[in-house]
């Protein structure tokens, strides 16, 4: 831009020496918003989120207490306590957690669409780390139990 014929440079304000207080307030509010309302479990738009566990009659009767739990979706995502993981990160996490617990047991809550190959890989990694594996299932909804909710 040519500024000399109109002498525009003389009419400009000088550059500020420091940040404006309003800028610092806005930056602080944006950081607060993302720290309070952000989530490590936000999924990409193309990955389905309709998580449905398999229903098995007598699931509550055979229930056992687990020391650790993971969630597996049909898209192949594995969710640990500290965020999403792949099978390699799951193996490392299982080895670390097995050292912290005396008799570690792992509850696997898998979506109904998860393949048996993925479940076998997870069970193998857990057994390799020293975990006993528990499988999560829901009791089928009946008329009596659906009315009690």
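The values are calculated or read from the model by the stated rules, or taken from the named source; none is laboratory data. Quick caveat, the model's predicted, so the values are computed rather than measured. Here the Cβ positions follow ideal geometry from the backbone for every residue, glycine too, while neighbour counts run over all protein chains shown.
Among residues belonging to segment 115-136 that are touching a strand residue (DSSP E or B) at 6+ places or on another chain (Cβ under 8 Å) and without any contact (Cβ under 8 Å) to a residue 40 or more places away in the chain, point out the one that is surrounded by the most Cβ atoms within 10 Å (Cβ to Cβ). My answer is 126. Residues in segment 87-114 that are assigned to a loop (DSSP other than H, G, I, E, B) and without any contact (Cβ under 8 Å) to a residue 24 or more places away in the chain: 1 in all.
If only residues of segment 33-66 that are touching a strand residue (DSSP E or B) at 6+ places or on another chain (Cβ under 8 Å) and either in a strand (DSSP E or B) or under 23 Å from residue 132 (Cβ atoms) (or both) are counted, the one that is modelled with the highest pLDDT is 66. The single condition from (1) surrounded by 10 or more Cβ atoms within 10 Å (Cβ to Cβ); (2) at pLDDT below 90 that residue 91 fails is (2).
Please specify each residue of segment 127-149 satisfying the condition of being assigned to a helix (DSSP H, G or I) and modelled with pLDDT under 90. Residues satisfying the conditions are 143, 144, 145, 146, 147, 148. When segment 67-86 is examined, which residues are found to be buried (at least 18 other Cβ atoms within 10 Å of the Cβ) and in a loop (DSSP other than H, G, I, E, B)? Result: 73, single match. Regarding residue 124, is this residue closer than 25 Å to residue 55 by Cα and either in a loop (DSSP other than H, G, I, E, B) or under 17 Å from the mean Cα position of the chain (by Cα) (or both)? No, not satisfied.
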